[in-house]
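The values are calculated or read from the model by the stated rules, or taken from the named source; none is laboratory data. Keep in mind it's a predicted model, so treat the numbers as computed, not measured. Heads up, the Cβs are rebuilt from the backbone with ideal geometry, glycines too, and the neighbour counts pull from every protein chain shown.
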Protein chains: 4
Amino acid sequence: MSPNSSKCLITLHLPCTIYKEVIEEERRGRFLGKSVQIIPHITDEIKRRIRGLAKAKGLDVLVVECGGTVGDIESLPFLEAFRQMRMEEGTSKTLFLHVSLAPELAVVGEMKTKPTQHSVQEMRRIGLQPDVIVVRGTKRLPSEAKEKISLFASVPVENVISNPDVPSIYLVPQTLEEEGLMKAVQRQLRFRGAKLNTRRWNEV
Amino acid sequence: MSPNSSKCLITLHLPCTIYKEVIEEERRGRFLGKSVQIIPHITDEIKRRIRGLAKAKGLDVLVVECGGTVGDIESLPFLEAFRQMRMEEGTSKTLFLHVSLAPELAVVGEMKTKPTQHSVQEMRRIGLQPDVIVVRGTKRLPSEAKEKISLFASVPVENVISNPDVPSIYLVPQTLEEEGLMKAVQRQLRFRGAKLNTRRWNEV
Amino acid sequence: MSPNSSKCLITLHLPCTIYKEVIEEERRGRFLGKSVQIIPHITDEIKRRIRGLAKAKGLDVLVVECGGTVGDIESLPFLEAFRQMRMEEGTSKTLFLHVSLAPELAVVGEMKTKPTQHSVQEMRRIGLQPDVIVVRGTKRLPSEAKEKISLFASVPVENVISNPDVPSIYLVPQTLEEEGLMKAVQRQLRFRGAKLNTRRWNEV
Amino acid sequence: MSPNSSKCLITLHLPCTIYKEVIEEERRGRFLGKSVQIIPHITDEIKRRIRGLAKAKGLDVLVVECGGTVGDIESLPFLEAFRQMRMEEGTSKTLFLHVSLAPELAVVGEMKTKPTQHSVQEMRRIGLQPDVIVVRGTKRLPSEAKEKISLFASVPVENVISNPDVPSIYLVPQTLEEEGLMKAVQRQLRFRGAKLNTRRWNEV
């Protein structure tokens, strides 16, 4: 993988109209008269699009962002498709990154890890064990909080990445790099020699 | 309510194409440019159809059957619509009847109530507290098992209805009547004087 | 109920040693040789203590606080005992008040209601439908957020109580009163004429 | 590992009195004045006993059976301890075997896999991804049902083991061997050359 490659990261936004298109294909007879089911018809279509885009663009890495919150009805078919892809592609070709929030009770000043615990439980229930957890918060997560999250989420502590508020959005990549996000990704997806090319960022 | 009325029970099968139609309405501008969301767009459409049918046919009671198993992705939007209808219509105008299975371990001969416990938990998580539980099984549920289900499901014991295998499908209504299903429904929906008209059944 | 009565509110902290004492009673033969089970032995003991205290002190209202977060292993036997008490005592003699947190993403400035949605789901799964939800947060919850919580939690909007940060802890009762907490409690537990006696508070 | 070794399999029944003993140790000051918590005090004690027994007896393999049903309050501290052991020991030193039931609707004759799907979901929520699933049932599970379970449970199809009713309990080990249970265990725990010593069984 060339770290200078402009094709390493493209975010795929899966349109909600996936339902409509699959149903129209049913009308044209694609499913041989069977009625559309979320599993496998919608989930297969989601997987087909993800793989299709990665192939069409010749990507090394495709970042698929699933908006909303784990457990929302809207995102369940997508998460189910991701679960299947993990089984089909294996652990070294897929990586589940979970973004959670550690709210701070202003009065107490403590960052709460319980919401992360519960969203991880919900992810697991659906069948997704996160590989990396990025924790949003007003300030940097103390190391005890990272260890706590590591323990209950069954995630190595170096894969718990703090993502605190920073003065400028342009500082976010550098913060994540310092926290070890890139290394965590490289370990799992087995890149060698890839470095975050922050030169252009720093010029901004 | 006239118990002889032929219009008291109609089962509504909600077609899967509800997604497609809602998405097409979006295209025609119904949602003022907002993209379709399962909540509220799909759920509102489900409620609109249920109420529309009840009104169009002048029904006293409309039985809406939601197939599959609680927790299936497919049925979540429907269950969410039902949850909202309960809030909007109240307890005396809606009734949640949950059908579960009490498997029998042939070797042991005991009917297991755990699967019912877990499906009730799952229903509750989604926001539906069952009012009546009909328990399928090879034989009639003993009263201790009914009490157990009543306790963990927060359902009165007389609303736990055993639905055992019977020699002929034509005996099912009579069995349910003997088990008190009709009374449970009447208590909650406040019918007076209605009786199960089994004359025609018995003639069969 | 006399609102001036000093005996209206006592918080019961259930000691963790409840396990030990129940197990010791088993040793003394109380359970006739049966081994201790969380349900019903521990849960029965919890209920016995709650009722015992209310009776011994002649209380009109007993506030039982269950610390921690819904879903914690520690609190499950207590929540199960509360669920049973609701069934045994009815809705007009018990009230489930759920305290949740609406974290604010400082950068965005929006108060997030998703954590409340998920903790309510978890409560329901366990069998507790909250009657009142008190939402902690840095600022007062806007009315749209209250309506959102009301809808997904199946709780009347006037029972969604905002509990924002206030300059002094002595202002908390007044804030809750203004938000309608007392009225919500009175409606359900059917007090008449009771008023929050804030005279002494205001003197502080 | 010597397959003839009589010490390869011992089942550990963890007594319920673990609570009492831990609480008594607290009294003797072991936790330096901190009150007993299920996590970490009870879970640490469970792990200590499991490891202690394996060491004291010089075992190659220790089978720990957790009775009841996934999700029961009683078993949660044990499952949490197992989850931690997996993290601490790794995948090649621990194996989660989940026993589920595929009930058969006599009238329909189909074996239902939904209860397995839901118990696996519940296991995952708690943090345990099963490695092997043994499915009890009146008859042998057809291969399509195995594939279905494999897909939704994220378990290789050869690790889905059918455990049908057999005329004699002495035929159970042979059935499990034929279904590939031993091979599945060997693959994960990396035994070499071990064979099920069924000679004595067959003599019975």
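Observations
- Residue check for residue C:116: within 14 Å of chain A (Cβ to nearest Cβ), assigned to a loop (DSSP other than H, G, I, E, B) and either out of contact with any His (no Cβ under 9 Å at 6 or more places or on another chain) or in contact (Cβ under 8 Å) with a residue 12 or more places away in the chain (or both): no
- Each residue in the stretch A:45-73 was checked for being within 14 Å of chain B (Cβ to nearest Cβ) and either within 21 Å of residue A:26 (Cα to Cα) or not in a loop (DSSP other than H, G, I, E, B) (or both), and 2 of them qualify.
- Test: residue in the stretch C:7-24 that is more than 14 Å from chain D (Cβ to nearest Cβ) and at pLDDT 65 or above: no
- Which numbered condition residue A:63 misses (of (1) over 14 Å from the mean Cα position of the chain (by Cα); (2) farther than 28 Å from residue B:126 by Cβ): (1)
- Selection of the stretch B:119-141 for residues being within 8 Å of chain D (Cβ to nearest Cβ) and out of contact with any helix residue (DSSP H, G or I) (no Cβ under 8 Å at 6 or more places or on another chain) yields B:136, B:138.
- Scanning the stretch C:119-129 for residues being touching a residue at least 24 places away in the same chain (Cβ under 8 Å) and in a helix (DSSP H, G or I) gives a total of 5.
- In the stretch A:77-100, the residues that are crowded, with 16+ Cβ neighbours inside 10 Å and in contact with a Leu (Cβ under 7 Å, 6 or more places away or on another chain): A:78, A:79, A:82, A:83, A:95, A:96
- Residue D:144 vs. criteria in the same structural domain as residue D:181 (by TED's automatic domain parsing), at negative phi and in contact with a strand residue (DSSP E or B) (Cβ under 7 Å, 6 or more places away or on another chain): no
- Residue pairs meeting the criteria (Cβ under 6 Å; at least 6 apart or on separate chains; first more than 14 Å from chain A (Cβ to nearest Cβ), in the stretch B:76-91; second among the β-branched types (Val, Ile, Thr)): B:85/B:94; B:86/B:94
- Top-ranked residue in the stretch C:96-113 [being part of a strand (DSSP E or B) and touching a helix residue (DSSP H, G or I) at 6+ places or on another chain (Cβ under 7 Å); ranked as farthest from the other protein chains (Cβ to nearest Cβ)]: C:98
- Residues that are of a type in the set (D, E, K, R) and modelled with pLDDT of 90 or more within the stretch C:66-80 comprise just one, C:80.
- If you go through the stretch C:145-168 and keep only what is more than 19 Å from the chain's Cα centre (by Cα) and away from chain B (no Cβ under 14 Å), you end up with C:145, C:165, C:166, C:167, C:168.
- Complete set of residues in the stretch C:174-204 that are in a helix (DSSP H, G or I) and either modelled with pLDDT under 80 or assigned by TED's automatic domain parsing to the domain that holds residue C:61 (or both): C:199, C:200, C:201, C:202, C:203
- Qualifying residue in the stretch D:130-138 (condition: modelled with pLDDT of 95 or more and either not in a strand (DSSP E or B) or not assigned by TED's automatic domain parsing to the domain that holds residue D:185 (or both)): yes
- Some residue of the stretch A:26-35 being in a helix (DSSP H, G or I), within 12 Å of another protein chain (Cβ to nearest Cβ) and modelled with pLDDT under 75: yes
- Contact annotation: residue pairs with Cβ atoms under 7 Å, 6 or more positions apart or on different chains, pairing a residue in the stretch D:151-173 that is assigned by TED's automatic domain parsing to the domain that holds residue D:127 with a partner that is among the aromatic types (Phe, Trp, Tyr), are D:170/D:201; D:173/D:201.
- Residues (out of contact with any helix residue (DSSP H, G or I) (no Cβ under 8 Å at 6 or more places or on another chain), surrounded by 14 or more Cβ atoms within 10 Å (Cβ to Cβ) and of a type in the set (A, V, I, L, M)) located in the stretch A:142-170: A:145
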